[in-house]
Structure formats: structure tokens, C-alpha cells
Amino acid sequence: MRPNDIFPDELGTFPLVKIVAITTLVMYSASKLMRKQAMTFWPLELKCLLLMMAIGVFLIPLASNRQDSIDKLSDSLEKVAIIFVLIINLVDTRPRLIRMLDLLIICGAILAVAAIHSYTAGQYLVKDKGVGVRIAGIVGGIFGNPNDLATALDMLVPFSVIRALGSKGPLRVFYLTMSALMALAVVFTFSRGGFLGLVAAGGFMIWKLGRHNRAAIVLGSVILVSVVLLSVPNGYGARLGSILHIQNDATGSAQERQELMAKALNVAAHHPILGVGLGNFHIYSIHEKAAHNSYLETAAELGIVGFLAYLAIIFGPLKKLNVVQGRLRRRRLANTPLSSADSEVYYLSVGLQATLVAYMVCSFFASIEYNWYLYYPAAFAIALFRVETLGQAFQRSAPQQGTIWSRRVPFRAAYGGTRQNDLAG
């Protein structure tokens, strides 16, 4: 949330967010130093993120606009990297991860309710030729763009759905309501990429969970689809139709995006090794516009090495989550009952995969490769994998019940890191 945008008169330019962020970093660093611990462990995804930043720094002297590269590093990637490190190190228990997801769900629901209110009250915020006007988020920034707002909500819907599946009674109704509100807000953004991302995430979850939770999945799907279909605004069908029939897009944006993606592909092909520099694609683009495709824009700006690092940040967490889910699925197939904690982990692994699937689809239609959309879910996935893997190492190392014991389990054996973790009981 951006308190300065919500309460501009009260806060003005008071740097509340920076104060909180810097204080957090100072406390985190001090605690690590006092305990004589490494500042972080080093999963592949963090190395790839830092590699992207290193390439961006290396290309600054070669970039057409050096200031654009510096701004992109300081305004986006640097902050993302810091939060990434904090998440993978501090979200070290399952309850912490769930509390973080609950916080995101609540924030997403606030954005969704505000967006729905804007649409129903006719308080449109973004003019769009041919479509008329479109809603945007109440907090400005990246949420001021309806497509980015739709992407964010797409990625939060799976969190709410899995929390509903792991809850009962009124709490399940609460999470299903949050899911419906966010899905409805995606529709009201008129975002075609947002619609495809929502369908992809929903389809993925039905495929993964349908066999074991048929009744809950069918009920949830019926509720979400019913809410969406009953609330579809005028002109929405025609806008979605332009996905397949680009020439029918009255706004011309579909045709323009096709040209921009072709341009990005051309730039990437002519600069395969080094790229044109971080944040510099717009200089080579059509009318100074972004590529509206994260994959092509990354390849064009950072070259093949940066592009491969970007892909590793996407698919690395998916692989880790699949490992977690596979272990629990094998127990189910062996008719071994899962504990409530194991069921919760299973749902979390599927939900985080669905979130990353939503990103993969939405990022094909937007240039969001340096914003938080990918990196925070990836960090949550690493955190879940780490918690689950260390938990298994703990169980394998535990002696028989009734003994008083204390032992150390090598962190390298549990996750692939370099330090050791105390696991005492």
C-alpha cells in the first residue's frame, strides 16, 4: 500500500515508506551481525536476480541513455532485490508465510473493492481511446495502470482460493468472497491479458486440485464464474474478441502491441549478446513505447544471458514447488493420511504455482519484468521449499520419542546452502 497516495493531505511528502524500509534493513543487518550469521543464503534465483542487476550495471556505459539504466536499477531492481532477500530469510515458518499471504489478500481485496466502486460509481480514472474510460487502482503507482492492476489481482486470487480450501465455515466464505471480489475487479479493468491470466490460474488450480477436492473446487469455480458472468460490463465481450481477431480492436492497441513485440524481437535478434541496456528498449521502439512483453523486452535489454537468468527465476521456483507437491502427492497415493499442516503445505504449493502461471501469462502482454510481480511470489516459493525441506531434515534427524537431544543438521544437506542451522528439541 502507498499511504502517501491514500492520505496525501495528511502525509504530504513525508517519507514513511523509506523510513520503515531503512529501519527494517538496519535491524535485519544488525541481528545477523550480532549472531555472526551470513546476511543471506544463496538460492539459484537470488544469484540470477543479482546477475541481471550486474549485467544492467555493466551495460550502463554502453547504453544509449545511461540515466534510464540507473533509474531502472535504483527505482525497481534494487528495491526488489532487497525485499527478495528479506522474504527468503525472514519468512522461515509456515505460519509466517500464511500471515504474509493473508496480508496480501486483504490489501488486494481493498484494491478490488475500490476498483469495483470506481466502475459502478462512474469514477473512471484512465482514458482509453475506443474503450472509453477504464478504472485504475486507488493508490497510483503501478496500480494506476488498469493492466498492471489486473495482473496484481490475478496473482492474488490463487492465494485467496487456497486459503479458502484450507479453512472451514465463515472463514472459507470470507476467502471465497475475497476471491470473487478480486476476479470481478479484473473484469472491470477491461484487461485482456488480465482475463487470460485469470483463466490460466483458475484452470491450473482446477487441474491440480480437482481430483482430490472435487466438491470444493466445483463449488468455488461455480461461484467465481457466476459472479464474473453476471457482472460482465457492456463491451467486454467485444474487447476479449480482439484477442483472436486483432483487426477488430477499435482502439488499435492490439495491432500496436503486435508491432511492438515484432520490434522487440528484432532488437533482441540484433543485440543477442549484450542487449541495448537496462531500461533502454524504448529508445529503439515505436513512439518510445515499451514492448508490452516481458520476455522480449528482457532479451532486448539484457541479452541472452540476462534472458536465461530471468527464465530461471520463473521456472526455478516452479520446480521447487513441484518437488514439495510431489512428495505430498505420493503420500496421498500411498493412502497415507496427511496432517493438517501437510495439507496446508500442499495447498500453498499449488497456489504459488498458480500465481506464477498467472504471471507467465500476464507478463506476455506487459513489460513488468523488473517490478515485484515475479520476484515476491518466487521468494515465497523459495521460503516454502526451505521450510518444508528443513522440516523433513529435522524429522529424519530426530531420535526416538522420550529422549532429550540437541543436534545440528547441515544446511547444505537440507537446502544446498553453506551454513548450519540449529534444530533443537
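The values are calculated or read from the model by the stated rules, or taken from the named source; none is laboratory data. Predicted model only: the values in this text are computed from it and were never measured. Neighbour counts run over all protein chains shown; Cβ positions are idealised from the backbone, glycine included.
From Q67, Q37, which residue is of a type outside the set (K, R) and more than 29 Å from L311 (Cβ to Cβ)?
Q37
I'm told A291 meets every condition in (1) in a loop (DSSP other than H, G, I, E, B); (2) closer than 13 Å to L59 by Cα; (3) among the aliphatic types (A, V, I, L, M) except one. Can you identify the failing condition by its number?
(2)
Does A393 satisfy being modelled with pLDDT of 95 or more and part of a helix (DSSP H, G or I)?
No: the conditions fail for A393.
Tell me, which helices (runs of 4 or more DSSP H) lie completely within the stretch 1-103 with 3 or more residues that are surrounded by 14 or more Cβ atoms within 10 Å (Cβ to Cβ) and of a type outside the set (K, R)?
Correct list: 3-6, 16-34, 44-58, 66-72, 78-90.
Does Y370 qualify as being of a type in the set (F, W, Y) and not in a loop (DSSP other than H, G, I, E, B)?
Spelling it out, it is not the case that Y370 is of a type in the set (F, W, Y) and not in a loop (DSSP other than H, G, I, E, B).
Given the residues A291, A264, A269, A309, which is the only one that is surrounded by fewer than 19 Cβ atoms within 10 Å (Cβ to Cβ), of a type in the set (A, V, I, L, M), out of contact with any strand residue (DSSP E or B) (no Cβ under 7 Å at 6 or more places or on another chain) and assigned by TED's automatic domain parsing to the domain that holds K72?
A269
Over 30 Å from A299 (Cα atoms) and of a type in the set (D, E, K, R) - does that describe any residue in the stretch 60-79?
No, the stretch 60-79 contains no residue that is over 30 Å from A299 (Cα atoms) and of a type in the set (D, E, K, R).
Take the stretch 61-76 and flag every residue that is touching a Gly at 6+ places or on another chain (Cβ under 7 Å) and closer than 18 Å to E369 by Cβ.
Residues satisfying the conditions are A63, D68, S69, D71, K72, L73.
Could you tell me whether A200 is within 22 Å of D102 (Cβ to Cβ), at pLDDT 85 or above and not assigned by TED's automatic domain parsing to the domain that holds L328?
Against the criterion (within 22 Å of D102 (Cβ to Cβ), at pLDDT 85 or above and not assigned by TED's automatic domain parsing to the domain that holds L328), A200 does not qualify.
Within the bounds of the stretch 366-379, is there any residue that is more than 28 Å from M261 (Cα to Cα), modelled with pLDDT of 95 or more and crowded, with 18+ Cβ neighbours inside 10 Å?
yes
For residues that are within 15 Å of F281 (Cα to Cα) and without any contact (Cβ under 8 Å) to a residue 12 or more places away in the chain, tally how many sit in the stretch 53-65.
Residues that pass the stated criteria total 0.
Among (1) among the hydrophobic types (A, V, I, L, M, F, W, C); (2) over 20 Å from R163 (Cα atoms); (3) under 24 Å from the mean Cα position of the chain (by Cα), which single condition is I283 missing?
(3)
Hey, F190 hits all of (1) outside any helix (DSSP H, G or I); (2) out of contact with any strand residue (DSSP E or B) (no Cβ under 7 Å at 6 or more places or on another chain); (3) not β-branched (V, I, T) but one; which does it fall short on?
It is condition (2) that F190 fails.
Restricting to the stretch 259-277, name every residue that is of a type in the set (V, I, T) and touching a residue at least 40 places away in the same chain (Cβ under 8 Å).
V276
Taking only the stretch 295-306 into account, find how many residues are under 18 Å from Y373 (Cα atoms) and surrounded by fewer than 23 Cβ atoms within 10 Å (Cβ to Cβ).
Residues in the stretch 295-306 being under 18 Å from Y373 (Cα atoms) and surrounded by fewer than 23 Cβ atoms within 10 Å (Cβ to Cβ): 1 in total.
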